[in-house]
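> Quick one: this structure, given as structure tokens, is what I'll be asking you about.
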Amino acid sequence: MAAKKVLIVTGDAVEALEVYYPYFRCLEEGYEADIAAPHKKKLNTVIHDFEDWETYTEKRGYMIDANLEFAEVNVEDYDGLIIPGGRAPEHIRMNEHLPSIVAHFFETDKPIAVMCHGSLVLTPIADVVKGRKLTAYQACKPEVESIGAEYVDEMDYVDDNLVSGHAWPDLPAIMKEFVRQVNDIR
């Protein structure tokens, strides 16, 4: 049996933990994992932390390779999709190829994990996401509601194939459910 294959979509300023944790978790599970971005390159990650500010702080993180461009993605090759947060979603959602990539996973009921600000990637596909329930970083609540989705005020939430989380501390619960769903695919 062929290994499961997971696509991670991101770009510069991705939250370091939200890309590295899922990537290594997928490899640990025996999945093939591709990191796709607007361009094949070494991506800059950022570290968001909750210190004594009223919002998170940001510091430079590790670099990670994007081995695939969005334009090269063949969605049929993948069993699941991961959308990390950070500031990357603000700009990658504008890429002409990304909306159809993300919409495919909703339309085919393949597992999708969305973390934190990753919910911003859903704004160009409002018609596909309308009526779904998800959580996200609380500052993303207006965007979630503006696309006709219901914002759930919980740390992690599962709505069928859509697994969502508030922020990087929720990664264990998010990835446990995502891996369960990917493993259940026949």
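The values are calculated or read from the model by the stated rules, or taken from the named source; none is laboratory data. Worth saying up front: this structure is predicted, and the values here are computed from it rather than measured. Heads up, the Cβs are rebuilt from the backbone with ideal geometry, glycines too, and the neighbour counts pull from every protein chain shown. To get the accessible areas, we keep the full protein, side chains included, count just its heavy atoms, and leave off ligands, DNA and RNA. Shrake-Rupley method; radii C 1.70, N 1.55, O 1.52, S 1.80 Å.
> Would you confirm whether any residue within segment 143-160 is closer than 16 Å to THR10 by Cβ and either among the small types (Gly, Ala, Ser) or touching a Ser or Thr at 6+ places or on another chain (Cβ under 8 Å) (or both)?
Checked against the condition, which is being closer than 16 Å to THR10 by Cβ and either among the small types (Gly, Ala, Ser) or touching a Ser or Thr at 6+ places or on another chain (Cβ under 8 Å) (or both), segment 143-160 yields no hits at all.
> Can you pull out every residue in segment 48-79 that is in contact with a Gly (Cβ under 8 Å, 6 or more places away or on another chain) and closer than 17 Å to HIS117 by Cα?
HIS48
> Output yes when any residue across segment 2-14 is of a type outside the set (Asp, Glu), without any contact (Cβ under 8 Å) to a residue 60 or more places away in the chain, open to solvent by less than 50 Å² (accessible area, probe 1.4 Å) and on the phi > 0 side of the Ramachandran plot, and no when none is.
Looking through segment 2-14, none of the residues is of a type outside the set (Asp, Glu), without any contact (Cβ under 8 Å) to a residue 60 or more places away in the chain, open to solvent by less than 50 Å² (accessible area, probe 1.4 Å) and on the phi > 0 side of the Ramachandran plot.
> Okay, moving on. In segment 20-42, how many residues are of a type in the set (Ser, Thr, Tyr) and touching a Lys or Arg at 6+ places or on another chain (Cβ under 6 Å)?
Number satisfying all stated conditions: 1.
> Of the residues ARG180, ARG132, ARG93, only one is touching a Gly at 6+ places or on another chain (Cβ under 9 Å) and among the basic types (Lys, Arg); which? Lay out the reasoning, then the answer.
Details: ARG180 fails: touching a Gly at 6+ places or on another chain (Cβ under 9 Å); ARG93 fails: touching a Gly at 6+ places or on another chain (Cβ under 9 Å).
When all the criteria are applied, what remains is ARG132.
> Can I ask one more? Identify, from the list PRO99, PRO38, the residue that is more than 23 Å from PRO172 (Cβ to Cβ), open to solvent by less than 80 Å² (accessible area, probe 1.4 Å), in contact with a Phe, Trp or Tyr (Cβ under 7 Å, 6 or more places away or on another chain) and not basic (Lys, Arg).
The unique qualifying residue is PRO38.
> Given the criterion at negative phi and exposed (fewer than 13 other Cβ atoms within 10 Å of the Cβ), identify the matching residue among GLU32, GLU51.
Every option except GLU51 fails the conditions.
> Further, regarding this structure: Among the residues in segment 115-127, are any more than 23 Å from PRO22 (Cα to Cα), open to solvent by less than 50 Å² (accessible area, probe 1.4 Å) and out of contact with any Cys (no Cβ under 6 Å at 6 or more places or on another chain)?
Looking through segment 115-127, at least one residue is more than 23 Å from PRO22 (Cα to Cα), open to solvent by less than 50 Å² (accessible area, probe 1.4 Å) and out of contact with any Cys (no Cβ under 6 Å at 6 or more places or on another chain).
> For segment 65-96, name all the residues that are of a type in the set (A, V, I, L, M), over 12 Å from LEU7 (Cβ atoms) and either open to solvent by 30 Å² or more (accessible area, probe 1.4 Å) or without any contact (Cβ under 8 Å) to a residue 60 or more places away in the chain (or both).
ALA71, MET94
> Okay, moving on. Report yes if some residue within segment 144-154 is closer than 25 Å to GLU32 by Cβ, in contact with a Phe, Trp or Tyr (Cβ under 9 Å, 6 or more places away or on another chain) and open to solvent by less than 60 Å² (accessible area, probe 1.4 Å); otherwise report no. Before the answer, list the steps.
Going through segment 144-154, the residues closer than 25 Å to GLU32 by Cβ turn out to be none.
Taking every residue of segment 144-154 in turn, none turns out to be closer than 25 Å to GLU32 by Cβ, in contact with a Phe, Trp or Tyr (Cβ under 9 Å, 6 or more places away or on another chain) and open to solvent by less than 60 Å² (accessible area, probe 1.4 Å).
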